[in-house]
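Worksheet: one structure, shown below.
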C-alpha cells in the first residue's frame, strides 16, 4: 500500500514504473538526474514520489520516444524552456532527417536499378548529396562549356535558362535518380562537345531576316514535327510518292535553318541526324523530371522519318525561304517542359 503525505499517496520506484510503463532502472536513472525528485524517503532509505512524478515521467517518456535529448527533456520538465519551442525545433530537425533518409533511399534505389560497381555507387551518392550551391556550380560549368562566347545573345540566355536543372529542396526519389543521371551526362565531354556543336550551328544562323510564315514555328525541331508529323501519323512511306509533298514543304519551311546554297535536303537531313541524337532527348527528359515539368513528347520518330524521306528524295537547290530561322520559342517556367535546345 502506498504511503501518504499532505499532498496524497506516495509511490515507490516500482509503482512509478508500473504506472508509466518505464523500467525500474529508467525511473531510478531519471531520479538520479534530477528530472523527477523524491518527496521523501522511508526509514529504510527508499525513495517515495508524489503523483506529480507520474505526470513528469509520462512527459519524459513521450519526449524521449520523439527523439528529444535528455538535457532538453530536463529543461522542459523544469519549465526552463517552453514545450512549444522544443517541439518546433525537433520538428524541423526531423524534416532534415526525413530528407536525408529519402535521399539515401533514392540513391539505393538507383543503385539497385543500375547495378553499379562500388566506385560508381560512391559517385552516385556524391552527386545526390551535393548542396544546392554545388549543384548550381556543376550546371554552370556545363552551360559555360556549351555556350562560351554565345551567352551575350538574349536568345541564348533563354536557352541556357531552359536547360538548367533545379532539384527541389525536398525531391522525390525519381527526381534524385534523374538528377544523378543528368549530372553524369552533363559531365560527359562527348556530350558537351555535341551540345556545343548544336549551339554553334544555331549561332551561325542567328542573324536571319524577319518575316516568318504564319503558323510555322521558329524552332527547327518544332517546324519539322509540324510539317512532317502528319505524314508519320498517316503512315506515309518515306521514299514513296506520297512523301513528295511533305519533302517539298520541309525544304521550303526549313531552308532558312541550314542557310542558302545547293543541296538543301542533304544538309537539312544531316542537321536533323545530329538533332536526333538520343543523348539530347535523354537530357531533356531527365531535365523535365528533375524540374517537375511535363515530359515532352519524343520528336525522334518524326525526325527519323524526315531524314529518311529527305535522303530518298532527289537533290535540289535551295528554294526561297518561307520563314526565317529565328531563336527557338522558349517555354515559360510554368511547368510545361524544357525547350527543344539546339533546334
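Just so you know, all these numbers are worked out from the coordinates, no wet-lab data involved. From a predicted model like this one, the values you see are computed outputs, not experimental measurements. Reconstructed Cβ throughout: ideal geometry from the backbone, glycine too, with neighbour counts over all protein chains shown.
Per-structure values
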| item | result |
| --- | --- |
| Residues 157, 223, 23 arranged by fewest to most Cβ contacts within 10 Å | 23, 157, 223 |
| Label-point gap, in nm, between residue 311 and residue 81 - each point 7 angstrom along Cα→Cβ | 7.0 nm |
| Region 3-81, relative contact order [Cα under 8 Å, separation at least 6], % | 28 percent |
| Normalised convex hull volume, region 3-81, alpha-carbon set, Å³ per residue | 87 Å³ |
| Förster radius 25 Å - calculated FRET efficiency between residue 62 and residue 133, Cβ distance, rounded to 0.05 | 0.05 |
